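Taking it in order: structure first as structure tokens, then the write-up.
The values are calculated or read from the model by the stated rules, or taken from the named source; none is laboratory data. Just so it is clear, the model here is predicted, and its values are computed rather than measured. Heads up, the Cβs are rebuilt from the backbone with ideal geometry, glycines too, and the neighbour counts pull from every protein chain shown. Only protein heavy atoms, including side chains, enter the accessible area calculation; ligands, DNA and RNA are left aside. Shrake-Rupley method; radii C 1.70, N 1.55, O 1.52, S 1.80 Å.
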Amino acid sequence: MDPVSQLASAGTFRALKEPLAFLRALELLFAIFAFATCGGYSGGLRLSVDCVNKTESNLSIDIAFAYPFRLHQVTFEVPTCEGKERQRLALIGDSSSSAEFFVTVAVFAFLYSLAATVVYIFFQNKYRENNRGPLIDFIVTVVFSFLWLVGSSAWAKGLSDVKVATDPKEVLLLMSACKQPSNKCMAVHSPVMSSLNTSVVFGFLNFILWAGNIWFVFKETGWHSSGQRYLSDPMEKHSSSYNQGGYNQDSYGSSGGYGQQASLGPSSDEFGQQPSGPTSFTNQI
């Protein structure tokens, strides 16, 4: 049997039924959706400028943009409606930092989730052999939860800026020809942002998954077991002291009962000696 088959046969795929491994598998899947919908985006818009002189018009001005959304580097030419001159413009804004940070977090989260899932399935005994594995897993889970929250919030703000910068109405305001009432400027096609909206949703879903998984990873650490041991020790001590008090009370009660029985002896003897008085008195008479 080859090493791959031996490793597959040794793997306990039943671990995927447990919340720890199941949530890791979901994190892996949702991380793919997050960086795919954001990092693989490309879109564009189309504008038209209809000048008074039709020969100077351009009814199909295409403006394309894509990840990482360095919009200030996206340039395009538009007619000025003043002869054959062309005006070279660029979009406004730069959301590359938030977009790249979001995708970077998603990629590293995917890689870690994949590695952790493999460890849970094939190396579960080594993972739980000492406390180092669960502690590292716990710390990394907390860090990624924080990164997903920060990255998703930053990308949501960056996406809002992208929508404003690529709004056809805002782009038309940049053109000098559109400032003249005699010229007609209009938007032919607006950019589709549905996949980018989905990426933000997957970002916050990843945060919820990672934050929820903190508890299940914490249960694997020694901190959880030591906490339970600390709570159980005072209860055992209280129970043992209560049992000792009950035993002393029982022994004291039994000794007291024995003393009462012993004290009854002399009184019964004395009670038995009382008839001797009248008998001796009759004999004297």
Tabulated pairs, the range 113-134, first in a helix (DSSP H, G or I), second open to solvent by 60 Å² or more (accessible area, probe 1.4 Å) and aromatic (Phe, Trp, Tyr), C-beta under 8 angstrom, 6+ apart or interchain: 121/13
Leading residue by the ranking (farthest from residue 101 (Cα to Cα)) among those in the range 152-178 that are among the polar types (S, T, N, Q) and open to solvent by less than 40 Å² (accessible area, probe 1.4 Å): 166
Single residue of 45, 28 found to be in a strand (DSSP E or B), in contact (Cβ under 8 Å) with a residue 60 or more places away in the chain, surrounded by 17 or more Cβ atoms within 10 Å (Cβ to Cβ) and not β-branched (Val, Ile, Thr): 45
Residue in the range 136-149 that is touching a Lys or Arg at 6+ places or on another chain (Cβ under 9 Å), open to solvent by 50 Å² or more (accessible area, probe 1.4 Å) and touching a residue at least 12 places away in the same chain (Cβ under 8 Å) present: no
Residue under evaluation residue 63, criteria (1) in contact with a strand residue (DSSP E or B) (Cβ under 9 Å, 6 or more places away or on another chain); (2) surrounded by fewer than 21 Cβ atoms within 10 Å (Cβ to Cβ); (3) over 30 Å from residue 149 (Cα atoms); (4) of a type outside the set (Lys, Arg), criterion not met: (2)
Any hit, the range 198-216, residues being touching a helix residue (DSSP H, G or I) at 6+ places or on another chain (Cβ under 8 Å), surrounded by 10 or more Cβ atoms within 10 Å (Cβ to Cβ) and modelled with pLDDT under 90: yes
